[in-house]
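**Student:** To start, I am sharing the structure in question, which I have written as structure tokens.
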Amino acid sequence: MILSSAKMHLKMGLYQLAMDIIVMIRVCKMFRQGLRGFREYQIIEAGHRKHPIFSFWDKKKRGRITFDTMDFIAEKGHFPPGAIQIAQKKPSWRTEREIQALCNLLQVMDSYRNYSEALQLLLAKVMRFERFGRRRVIIRKGQKGNSFYFIYLGTVAVTEDEDGSSAFLDPHPTLLHKGGCFGEMGLLTASVTKSTVVCMEETEFLVIDREDFFANKLDQEIQKDAQHQFEFFRKMDLFELWSDEKLWQLVSLGKVEKFAHGQLISEDFTESPSILFICKGSCEILRLINLGTSPSYYKWIWQHLELLEDRPLKSSLHEPSPMERFREFQIRTYPLQDFSALKLVHLGKALEQQGTSFERTVKTSESSLPKMLGPKIKSKNVNFINRSMITTKFREIPKEAAVGTYIKIHTVEEGEILGIHQAILPEDQRDTRALILLSLGTEVIRVRKEKFYDLIDNEIRGKLSSCEIQYPSDEEMCQSFLKENSWNIFRKDLLRLLVKPRQSPPLTPLRPKKKGIYNPKALILDLCSIDKKTKLQHPIFMASQKLLPPLRIVQTITAPRYKIQELLPQYKNAGVLV
């Protein structure tokens, strides 16, 4: 009896335990469903979803390599949960594969990418992950810096007060965004910080602590990078008389930045608060100009638009003699009275005797002539473009012809300096035009202007003023652009004439068209169809509001022109030179 009752209690205990487990599972499920609206849960929960594993066979290792994409699933922009697990480990526990995976993930941050490859791997080995909310003070003014921070997501503000409250009252605070870093100098020198850093929103950081920094000898790698900067400055003629101590001061003020080919360095380096030393590679200086403000462009546009009237080549290429120009001037400027009609008849007869058409000689419209002269003169109407016009300081041009373009001014090579020459000149002699700096695969050292001014002496200022670079004016650049554009048009026409067209196009496989933003036709202004109403099938690139009014950006202009057989009669047939 006692044994049976003990068995009964055991069954009841197991049943109660099973029921408690079921209830706990249901409660946890309810909590998970209720927490789906919170960001913390969404970031963590995303990493536990089922996801296919990608794998392939490696011939060299003679084995199958697998990649579990579940480890790197996260909300857009957030640090992946799999990477968080790596960053939470101690540096000595992380494998080489984990360090390399973390290093690859951090390439999205510009400040991290500026370091050497060896230093990037060491940073990935020791950094840990932190997430702080809005108004959290990261570094407080007056305290020693113990950590170095990379901003992976979010925004922080740099203030002069201790609690960082002024950042939320200032309409234009000093901000650091994703990809930035701070705290490096405080970590290296153990000096007292002069500013406060506070989070403006929920921000994710990758942190390097002082103990891990020196324990893994990261200071030695940073010293190697500083030595490369010192050797670069020592080779420059500008600093050949400086002592090593003063040159190391300049190295401490500089910050190395790397830019890929085609990456924008600065939208306007003339207004930049920093000086750029080109230590590797090269870059281009570009200027965005409004072609409508150039008199050369105005003349070029109307010279080509007149060809839309299909006038013969000889009449258009005919240069009037000085006497003909004087007579035309007499007609245009003749007063309202003093027997104007008789003089017009006399001028008309004189022109007919010389074999010159009176209608072709006079190029004025009736509206521009006096009332007494207008009905008697049969001149061509220049308003043949059936499109809306805009007024410039050189009269009117079609609205579609008001465009802008980027023009290369100068190529900056290794060892040159940018952003210092104009600042030394007097204000009335400075070139205040907006100049764009585009990388061709370059590495620069950025130094704050005010700190550089405090370091240099009068001798250096004299050397810098003597190395001033004069950039061409906007009118000169516009003329150069039109000459190059006309040459490109002539070259293409000549190639079409000399080279026989292919009778049958080669067999090309049918491929589905990829939807893309860029279309080469978007950068071409076609003056041949300017008086036709056509719907554009491609996006239009517009100028930046800061640099120019909203204008279309073009790369080349296709203009109406005479057939090349009329210009070069020796070329009669395609592919045949007579």
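The values are calculated or read from the model by the stated rules, or taken from the named source; none is laboratory data. If you're wondering where the values come from, they're calculated on a predicted model, not measured in any experiment. All Cβ positions, even for glycine, are placed from backbone atoms using ideal geometry, and neighbour counts span all protein chains on display. The accessibility values were calculated without ligands, DNA or RNA, using every heavy atom of the protein model including side chains. Shrake-Rupley method; radii C 1.70, N 1.55, O 1.52, S 1.80 Å.
**Student:** With +1 assigned to the C-beta of every Lys and Arg and -1 to the C-beta of every Asp and Glu, and no other charges, what is the dipole magnitude of the stretch 164-237 about the Cα centre in debye, to the nearest 20?
**Tutor:** 300
**Student:** Also, I was wondering about something else. So with the 1.4 Å probe, I'd like the accessible area per residue for the stretch 141-261, rounded to whole Å².
**Tutor:** Result: 51 Å² per residue.
**Student:** Quick one: how many Å² of LEU121 are accessible to a 1.4 Å probe, rounded to 10?
**Tutor:** 70
**Student:** Need one word for the stretch 115-241: rounded, prolate or oblate. Basis is the Cα gyration tensor (sqrt eigenvalues a ≥ b ≥ c); a/c below 1.5 gives rounded, then a/b vs b/c decides.
**Tutor:** Prolate is the answer for the stretch 115-241, as a/c is 1.5 or above and a/b outweighs b/c.
**Student:** May I pose another question? Sorted by mean Cβ packing within 10 Å, highest first, what order do the peptides 292-301, 252-261 take?
**Tutor:** Averaged packing, sorted descending, gives the order 292-301, 252-261.
**Student:** How would ASP431, ASP110 rank on accessible area, largest to smallest, probe 1.4 Å?
**Tutor:** ASP110, ASP431
**Student:** Would you work out which of PHE213, GLY183, ILE84 lies farthest towards the positive end of the dipole of the stretch 82-233, given +1 charges on the beta-carbon of Lys and Arg and -1 on that of Asp and Glu, about the Cα centre?
**Tutor:** ILE84
**Student:** Say the cut-off is 29 Å between C-alpha atoms; which of LYS144/LYS449; LYS141/LYS255; LYS449/LYS483; LYS59/LYS90; LYS178/LYS451 go over it?
**Tutor:** LYS449/LYS483; LYS59/LYS90
**Student:** Would you check the accessible area of VAL23, probe 1.4 Å, heavy atoms only, in square angstrom rounded to 10?
**Tutor:** Per-residue accessible area (VAL23): approximately 80 Å².
**Student:** Still on this structure, I have one more. GluC sites (Glu not before Pro), restricted to the stretch 155-224: which are DSSP loop and have at most 10 other Cβ atoms within 10 Å?
**Tutor:** Answer in residue order: no site qualifies.
**Student:** How would the stretch 181-298 be classified by its alpha-carbon gyration tensor: rounded, prolate or oblate, with rounded meaning a/c under 1.5 and the a/b versus b/c comparison settling the rest?
**Tutor:** Oblate shape, in that a/c is at least 1.5 and b/c is the bigger or equal ratio.
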